[in-house]
Amino acid sequence: MKLFDCPHCGHRLYFENAQCLNCASPVLYDPGRARFVLSGAGVFQCTNADECACNWMAEPGHAFCRACELNQLIPDLSVDGNRRRWIRVEAAKKRAIYSLLAAGLPVAPKQNAGDEAGLAFDFLADPIGGGPGGTRILTGHDNGLITLNVAEADSAERERRRVEMGENYRTLLGHFRHELGHYYWDRLIRDDPQRLAAFRALFGDERADYEQALKTYHANGAPPDWQQDHISAYATSHPWEDWAETWAHHLHITDTLEMVHALNFPLGRLETVEANDLSRSDTGGELQPAPSEPAAVPEPFEKILARWLVLSEASNSINRCMGLPDLYPFVISEVTARKLAFVHELLTAVKETGTKREPAEAF
């Protein structure tokens, strides 16, 4: 994530701003150019501006912005608290969409409900009273349709589920990145024999029975040595989940490091990362200032990982000083690093093709 400037006075803007706090100019985020513009003549405000605090501009001829046009169902706003939940959900979704656009990935709505290509979002709530048999809305992905239970927007409820599921980390943004990983597996890997073979060599054979794998995981949990090969316990359940978790973590890492660069924070930079050092956060070395501009040539993932190890050690240590849980409570093993590098190389290849806003059928 970047920092932004007010197009009128140059004052700092943040991603969720709809008004400059310095000059009071109304502003809108332009996702096509990844910058803010002044709200006014010739700039179209998203219809959801007054509905869910959307601060993105819509393109000419479109009622909604590029993020809101992906919505298929929104929660019942007559239910107390659902508008507040929807606002939080939309804010997280827009950060996820930002990363997709920055990576050069196609982001387009489904043309028809049955299409595999194209994205759609359903934001739903559990039926009042639990529904027949205690029915609950489950967060998940199905051919580009991502469903999210808006109860996750309530911190107390999300924390309850995190503890219940035995997870180290659970956020709205994490949900979006994980489920989007499933969608882009279908678009980028499934139908490409070379990529699919490389995927199976690292993550395993996805043809293993998915439903049975999840049942086994929920019944038995992860093996005791899961951190040697996986980024999270849930990643052990099936190769598809291993991919989605790894994809999400790559976006966590690169998006956070982009913000560190924007803030010009110095980080220790290691030229190489030895395999047996990956589980260590203590990188040592000298602190160097962030470069004035991002590298023109994509960096190899080992350099990105080296900076991430420094940052995660620092952020975890700061949190502990405040009596808070680690910001990044994960260990990146040698195998996990290779999986993250696979995601990085795939995204680098996609971006180098120059694919920006291709129609969904392009894949």
Just give me the residues in the range 313-336 being buried (at least 21 other Cβ atoms within 10 Å of the Cβ) and assigned to a helix (DSSP H, G or I), in sequence order.
336
Check 339, 351 and return the single one that is closer than 30 Å to residue 143 by Cα, assigned to a helix (DSSP H, G or I) and at pLDDT 90 or above.
339
I'm trying to understand the selection: among the residues of the range 222-234, which are acidic (Asp, Glu) and either open to solvent by less than 40 Å² (accessible area, probe 1.4 Å) or in contact with a helix residue (DSSP H, G or I) (Cβ under 6 Å, 6 or more places away or on another chain) (or both)?
229
Looking at residue 75, is it at pLDDT below 95, under 25 Å from residue 171 (Cα atoms) and open to solvent by less than 20 Å² (accessible area, probe 1.4 Å)?
yes
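Test residue 90 against the stated conditions and say whether it is of a type in the set (Asp, Glu), without any contact (Cβ under 8 Å) to a residue 60 or more places away in the chain and either under 25 Å from residue 349 (Cα atoms) or open to solvent by less than 60 Å² (accessible area, probe 1.4 Å) (or both).
Working: of a type in the set (Asp, Glu): yes; without any contact (Cβ under 8 Å) to a residue 60 or more places away in the chain: yes; either under 25 Å from residue 349 (Cα atoms) or open to solvent by less than 60 Å² (accessible area, probe 1.4 Å) (or both): yes.
Against the criterion (of a type in the set (Asp, Glu), without any contact (Cβ under 8 Å) to a residue 60 or more places away in the chain and either under 25 Å from residue 349 (Cα atoms) or open to solvent by less than 60 Å² (accessible area, probe 1.4 Å) (or both)), residue 90 qualifies.
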Given (1) modelled with pLDDT of 95 or more; (2) surrounded by fewer than 19 Cβ atoms within 10 Å (Cβ to Cβ); (3) among the hydrophobic types (A, V, I, L, M, F, W, C); (4) not in a loop (DSSP other than H, G, I, E, B), number of the condition residue 219 does not satisfy
(1)
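Taking the conditions exactly as written (closer than 25 Å to residue 12 by Cβ and in contact with a helix residue (DSSP H, G or I) (Cβ under 6 Å, 6 or more places away or on another chain)), does residue 53 satisfy them or not?
Details: closer than 25 Å to residue 12 by Cβ: yes; in contact with a helix residue (DSSP H, G or I) (Cβ under 6 Å, 6 or more places away or on another chain): yes.
Yes, satisfied.
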Give the residues of the range 161-180 that are surrounded by 13 or more Cβ atoms within 10 Å (Cβ to Cβ) and among the charged types (D, E, K, R), sorted by residue number.
161, 162, 167, 170, 177, 179
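The values are calculated or read from the model by the stated rules, or taken from the named source; none is laboratory data. Being a predicted model, the structure only gives us computed values, none of them experimental. Glycine also receives a Cβ, built like all others from the backbone with ideal geometry; neighbour counts cover every protein chain displayed. Surface accessibility is based on the protein's heavy atoms, side chains included, excluding ligands, DNA and RNA. Shrake-Rupley method; radii C 1.70, N 1.55, O 1.52, S 1.80 Å.
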